[in-house]
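These notes are about the structure you will find just below.
Nothing in this text is a laboratory measurement; each read-out follows from the coordinates by a stated rule. Model, not experiment: these values are computed from the prediction. Cβ coordinates were reconstructed from backbone atoms using ideal geometry, including for glycine residues, and neighbour counts include every protein chain displayed.
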Amino acid sequence: MAAVKYTLEEFVHEMDALLKEQPDQEKIFNVGSSYMERLIGNPDAISPEYRVPSGKGNRPKHGSYLLYRGDETGLLVTSVVWGPGDHASPHDHHTWGMIGVMSNTLSETRFR
């Protein structure tokens, strides 16, 4: 029997359901990270066109694609692609977030 793979749609459904409970941040991360682990365990969950740099603009090695925007919960799911040597200047998103790396590696420096 073939293993059933976790999909983007399942991730969105479970995260939206979690956020509708209005949990504290600790629960969001504890429960949400298990969903994220399942999602990144299936690279096919993200369509190939959203897993490559855009090849456009002043950052051709970068791509950022909005995959889902939740009306009720405000959940945003994006696919961000960093090509070799790409980088971003220090910045703050002013919100919580979770990062799942599906392929290669990501180096991050935290500033306080």
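Only residues that are closer than 17 Å to Ser107 by Cα and either touching a helix residue (DSSP H, G or I) at 6+ places or on another chain (Cβ under 6 Å) or hydroxyl-bearing (Ser, Thr, Tyr) (or both): list them for the stretch 80-97, please. Within the stretch 80-97, Ser89 is the sole residue that qualifies.
Could you tell me which residue of the stretch 11-32 is nearest to the chain's Cα centre (by Cα), considering only residues that are within 13 Å of Trp96 (Cα to Cα) and in contact (Cβ under 8 Å) with a residue 60 or more places away in the chain? The qualifying residue nearest to the chain's Cα centre (by Cα) is Gly32.
Residues of the stretch 1-32 that are assigned to a loop (DSSP other than H, G, I, E, B) and under 20 Å from Gly70 (Cβ atoms): Tyr6, Thr7, Glu21, Gln22, Pro23, Asp24.
Flag: Gly100 does not match the condition of being small (Gly, Ala, Ser) and without any contact (Cβ under 8 Å) to a residue 60 or more places away in the chain.
Could you please let me know if Tyr50 is in contact (Cβ under 8 Å) with a residue 12 or more places away in the chain and over 18 Å from Tyr6 (Cα atoms)?
On the way: in contact (Cβ under 8 Å) with a residue 12 or more places away in the chain: yes; over 18 Å from Tyr6 (Cα atoms): no.
Spelling it out, it is not the case that Tyr50 is in contact (Cβ under 8 Å) with a residue 12 or more places away in the chain and over 18 Å from Tyr6 (Cα atoms).
Scanning the stretch 74-96 for residues that are surrounded by 10 or more Cβ atoms within 10 Å (Cβ to Cβ), closer than 27 Å to Gln22 by Cβ and among the β-branched types (Val, Ile, Thr) gives Val77, Thr78, Val80. Selection of the stretch 33-59 for residues being farther than 19 Å from Gly97 by Cβ, touching a Phe, Trp or Tyr at 6+ places or on another chain (Cβ under 9 Å) and in a helix (DSSP H, G or I) yields only Glu49.
Scanning the stretch 1-48 for residues that are of a type in the set (D, E, K, R), under 17 Å from Thr73 (Cβ atoms) and exposed (fewer than 12 other Cβ atoms within 10 Å of the Cβ) yields Glu9, Glu21, Asp24. Kindly check whether there is at least one residue in the stretch 68-78 that is part of a loop (DSSP other than H, G, I, E, B) and without any contact (Cβ under 8 Å) to a residue 40 or more places away in the chain. Yes, that holds for at least one residue.
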